[in-house]
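Asks: Handing you this structure, nothing more for now.
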């Protein structure tokens with residue numbers, strides 16, 4: 001698996017300043033990785049380049065064994081035509097239906113299944129939306145602040161569940177939390193702005209958990 005950025009340069013329309021200039025970096029393993037940096041350095045822009053929503057940049061984005069890239073973001077909304085359960089059942093392909101109940105339980109959404117999306121709290125909405133994406137067929141899922149408004153205990157359970165259920169998929173996690181990227185991510189791409197070269201950091205993340213007698217037991221570091 002390979003995701004590589006080669007000499008990426010880009011500036012917003014009508015702007016004289018470049019967001020990126022000759023940005024080059026690569027991720028070559030599946031797992032949980034991070035795109036990290038302060039606001040305004042281009043994290044979301046770089047994510048949307050990968051999905052094809054942002055074009056007109058210089059350089060190349062190369063992939064190998066990555067055929068479908070999905071992008072989910074904080075405050076994304078589901079339509080209000082059905083309950084959460086009906087929506088998940090209707091939008092999940094057959095290959096993902098066996099994971100619905102497991103994700104609902106791990107994400108703490110059991111009490112939300114009969115409710116419409118607009119009736120949920122912001123944290124419940126973000127968890128529901130993330131579950132919806134995880135049930136699709138994908139090779140790379142970009143999570144842009146997708147677990148905002150979720151408490152730390154639930155967030156940890158969700159991330160470890162994802163690492164356990166999808167060990168061969170690639171996740172790119174965009175967040176402002178130093179603790180989260182240091183705790184869970186294998187490789188961190190740090191965008192620093194002002195045309196400075198990105199810094200890539202590889203760290204010891206957390207292994208997937210295993211269930212034992214209804215509890216979560218975390219394995220030793222990777």
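Asks: One residue is enough: does region 1-19 have a residue meeting the conditions in a strand (DSSP E or B) and within 19 Å of residue 146 (Cβ to Cβ)? Working first, answer last.
Replies: We begin by selecting, within region 1-19, every residue in a strand (DSSP E or B); these are 2-11, 18-19.
Subset that is within 19 Å of residue 146 (Cβ to Cβ): 3.
Yes, because at least one residue in region 1-19 is in a strand (DSSP E or B) and within 19 Å of residue 146 (Cβ to Cβ).
Asks: Yes or no: residue 121 within 15 Å of residue 74 (Cβ to Cβ) and either touching a residue at least 40 places away in the same chain (Cβ under 8 Å) or surrounded by 17 or more Cβ atoms within 10 Å (Cβ to Cβ) (or both)?
Replies: Here the answer is no, as residue 121 does not meet what is asked.
Asks: For region 1-17, which positions are more than 11 Å from residue 60 (Cα to Cα) and either touching a residue at least 60 places away in the same chain (Cβ under 8 Å) or loosely packed, with under 13 Cβ neighbours inside 10 Å (or both)?
Replies: 1, 2, 13, 14, 15, 16, 17
Asks: Residues of region 36-75 being crowded, with 17+ Cβ neighbours inside 10 Å, within 17 Å of the chain's Cα centre (by Cα) and in a loop (DSSP other than H, G, I, E, B), which ones?
Replies: Across region 36-75, the qualifying residues are 37, 42, 66, 74.
Asks: Let me ask you something else. Which numbered condition trips up residue 141, out of (1) at pLDDT 95 or above; (2) in contact with a helix residue (DSSP H, G or I) (Cβ under 7 Å, 6 or more places away or on another chain); (3) under 29 Å from residue 40 (Cβ atoms); (4) surrounded by fewer than 20 Cβ atoms within 10 Å (Cβ to Cβ)?
Replies: Of everything listed in (1) at pLDDT 95 or above; (2) in contact with a helix residue (DSSP H, G or I) (Cβ under 7 Å, 6 or more places away or on another chain); (3) under 29 Å from residue 40 (Cβ atoms); (4) surrounded by fewer than 20 Cβ atoms within 10 Å (Cβ to Cβ), residue 141 misses just condition (4).
Asks: Does residue 102 fit the bill of being at pLDDT below 95, under 17 Å from residue 157 (Cα atoms) and in a helix (DSSP H, G or I)?
Replies: Values: at pLDDT below 95: yes; under 17 Å from residue 157 (Cα atoms): yes; in a helix (DSSP H, G or I): yes.
Yes: the conditions hold for residue 102.
The values are calculated or read from the model by the stated rules, or taken from the named source; none is laboratory data. What you are looking at is a predicted structure, and each value in this text was computed from that prediction instead of being measured. All Cβ positions, even for glycine, are placed from backbone atoms using ideal geometry, and neighbour counts span all protein chains on display.
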